[in-house]
1. Go through the stretch 17-31 and give me each residue that's open to solvent by 80 Å² or more (accessible area, probe 1.4 Å) and in a strand (DSSP E or B).
2. Among the residues of the stretch 52-61, are any at pLDDT below 90, surrounded by 13 or more Cβ atoms within 10 Å (Cβ to Cβ) and of a type in the set (Gly, Ala, Ser)?
3. Identify the residue in the stretch 1-16 that is in a loop (DSSP other than H, G, I, E, B) and under 18 Å from Ser68 (Cβ atoms) and, among all such residues, is most open to solvent (accessible area, probe 1.4 Å).
Amino acid sequence: MGFSGFTLNVLGSGFASDASVMWKGVMKPTVFLSSSVVQTSIDASDVSAAGVVSVLVVNPGSGGGVSSPLNFTVEPAAVQVAMLVFFTATW
C-alpha cells in the first residue's frame, strides 16, 4: 500500500490572505485559514525520497516577504513526516 500524501498546516504569524507555502522551492496551492495558519497538500511524489525539505511561507506584494526556512525531514522506508510546522515569520 503506497503513501498518499498529507495536509500540511503551517503555524506562524502575519500570514496574508494570499500567502503561499513553498515546498522544495515550489509554490504549492495554499489555503488561508487565518493570519496564523495556512494549509497546503503535500503529494506522495513530494515525499517519495528521504531527505530534508526546506519549507517557507511567502507573503506577496508590498510589505510582504519570505519567512525564515524550516527544515522538514522525510524519513526513509516508513516515510514518516510531521503534520505541523512552526514558523516565526519576519516580514
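1. Pass one, the stretch 17-31, residues open to solvent by 80 Å² or more (accessible area, probe 1.4 Å): 17-18, 24, 26-27, 29.
If the condition is that a residue be open to solvent by 80 Å² or more (accessible area, probe 1.4 Å) and in a strand (DSSP E or B), then Val26, Met27 are the ones that fit.
2. Looking for residues that are at pLDDT below 90, surrounded by 13 or more Cβ atoms within 10 Å (Cβ to Cβ) and of a type in the set (Gly, Ala, Ser), one finds none in the stretch 52-61, hence no.
3. Narrowing the stretch 1-16 to residues in a loop (DSSP other than H, G, I, E, B): 1-5, 12-16.
Adding the requirement that they be under 18 Å from Ser68 (Cβ atoms) leaves 12-16.
Working: Gly12: 21, Ser13: 61, Gly14: 41, Phe15: 9, Ala16: 31 Å².
Step by step, filter the stretch 1-16, then rank; the result is Ser13.
The values are calculated or read from the model by the stated rules, or taken from the named source; none is laboratory data. No experiment lies behind these values; they were computed from the predicted model shown. Using ideal geometry, Cβ is built from the backbone for each residue, glycine included, and neighbour counts are taken over all protein chains shown. What goes into the accessible areas is simple: the full protein's heavy atoms, side chains included, and nothing from ligands, DNA or RNA. Shrake-Rupley method; radii C 1.70, N 1.55, O 1.52, S 1.80 Å.
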